[in-house]
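For reference, the structure discussed in these notes is given below.
Just so it is clear, none of the values below were taken in a lab; they were calculated from the coordinates. Please read these numbers as outputs of a predicted model, since none were measured by experiment. Neighbour counts run over all protein chains shown; Cβ positions are idealised from the backbone, glycine included.
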C-alpha cells in the first residue's frame, strides 16, 4: 500500500483570535488576534464508563458523556493594541460611566504646575491660565500618575477641578488642555449625529472627543470619527453610548487614545478562535478569563502574557477568520517602569502581575454537556518582583521594614513604548509585601524576591483592587 499523501500545515501560519460576545456563549467572528507563542485550548468531552459487575472482566463497557470542559492557556507577547480585549475581559470593562475614552489634543494648550499639589486637592495653580476655560478637560502630569479632570472654574492662574486629585504632583509637571467647540444641542445615547456650535477645522475623517470625564459625577467622554459634515451637524462612525448635555465640550483629538479598564463583578465573555495553520479553526464560545498573568523579565525576550481561559462550547470552522494583526511592537522590560510606595524603582530585575478570577464551572440539567455558567466568584491580585539588593534597612526603599511593619502602599507598573506612545499601566492602590526572600549566589549579585498582595481600599476615589489604563491607536471601546 502506498504511503498516503499528506499536506502538512505550518504552525507559523497560526494565531489566536478574540472577540467580545454580546450574549454569553453566542459565538462571534474574531476581531483581534494575538501573535501567539502557544495555545493549549482543548476540549475534554467528559467521557467516562462506570465500573460495573455483570459477569464480564472488562473494566469499561458503557460509553457515557458527562461534563465537557473547554479550557487551556494562551501565551504570547503583550502588545499596545493586539488582543487588548482580553485584558478588559480579565478585569471588567472599558468605557464605564465617568471613565470614558479620551484622546490626545491635536492643538494643545500646555503649561506647568506653579507649585506642588497634595492628595485630595481640588485646585491647582499653573504658570499660565491662558487657554483654560470652564468645562474643558485638563491633563495633569504624565506616566502612571497622570490624572484627567474637568475644569469647573478658572481665576487667573488658579484652576478648580470637579473631582479631587488621587496623587500628589510636583511643581513644574505638565498641565495640558485643548482648543474646543461645544454641543449646541443635547445628544441622546444611540445618537449617530451631533450638532456643534462651530464645525471649524472638522472634516470627514476628523476624530473628535465629546464631553469629558467626571470620576465622581456622571459625565463620560466618548471618541468617534466624523464621516460627514453638514454645516454644524456631524455624522459619527458609530452610535454614542451615553447622552451628552448641550454645551458639552467637543475637541479634535488624535492617537494615543486612553482607555480605563475598571473592575466589574460580571466579566465579559469572549469567543476564542484557535487558528491552526490558517487551514481550520476551533472556535470556543462563552470563554471567560480565569487567570491573566503578565511577566516582564530582563533578557532578550518580549514582555509575556499568559491567559488561562474556560469556555462553554466548541465548533470547527472550515473557513477560519482571516488573521489580521495591527502593526504593534511587543513591549520589552527596558521600556517599563515601576512605582512602588511612592518611589520610582530603578533596581527592578523582574516583575509579574497576576489576576486570578476564580472562575467556577456550573453544570445544569439543560441537555447540554458544556457548563451552563462560568462565574468569576473571587478576585485575587498578586505578583512578585526581583530587585538588586543593597541593604536590609536602606532609607530609600526599606522593603524589609515594610514587610515587618505591614506597611500599605501603592504599586503602579507601566509598560511604555517611547516611539509609538502606547502604554499599559496597572494600578494597585493598596499592596503589602507578603514575602521577602534573599537569593544569594556565588556567581551573581545578591537579589531579593518580593512577593506582594493587593487588596481593595474601603474609602477614597480608588476603591478597587486593580485598574488598568491602556493608551493606543484604538479610539472605540473594548
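So the values come out like this:
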item: Rg to Rh quotient for the range 163-264, alpha carbon positions, Kirkwood Rh; result: 1.00
item: Relative contact order, percent, the chain [alpha-carbon distance under 8 Å, six or more residues apart]; result: 18
item: The range 108-178: relative contact order in percent, alpha carbon pairs under 8 Å with at least 6 residues between; result: 46
item: FRET E, pair residue 122, residue 189, Förster distance 22 Å, beta-carbon r, rounded to 0.05; result: 0.15
item: Directionally averaged shadow of the range 108-178, computed from the convex hull of its alpha-carbon atoms, nm²; result: 3.8
item: Ascending count of other beta-carbon atoms within 10 Å, so fewest first, for 225, 291; result: 225, 291
item: Pairwise label distance in nanometres, residue 367 with residue 107, each label 7 Å out on the Cα-Cβ vector; result: 6.5
item: Segment residue 255-residue 182, length gained on full extension (0.36 nm per residue, minus Cα span); result: 24.2 nm
item: By average C-beta atoms within 10 angstrom, highest first, the peptides 89-101, 388-400; result: 89-101, 388-400
item: Where labels lie 7 Å past Cα in the beta-carbon direction, separation of residue 445 and residue 158 in nm; result: 4.8
item: Förster-model FRET efficiency, 22 Å R0, residue 67 and residue 380, C-beta, rounded to 0.05; result: 0.35
item: Debye intensity ratio in log₁₀ form over the Cα atoms of the range 342-478, taken at each q of 0.08 Å⁻¹; result: -0.32
item: The range 373-442-the range 164-214 distance, computed between alpha-carbon centres (Å); result: 35
item: Calculated FRET efficiency for the pair residue 327/residue 455, C-beta based, R₀ 41 Å, to 0.05; result: 0.60
item: Spin-label model distance (nm) - residue 246 vs residue 419, 7 Å beyond Cα toward Cβ; result: 5.0
item: nm² value of the averaged projected area, convex hull over the Cα atoms of the range 55-147; result: 13.2
item: Calculated SAXS-style log₁₀ I(q)/I(0) at q = 0.11, 0.13 Å⁻¹ - the chain, Debye, Cα scatterers; result: -1.00, -1.29
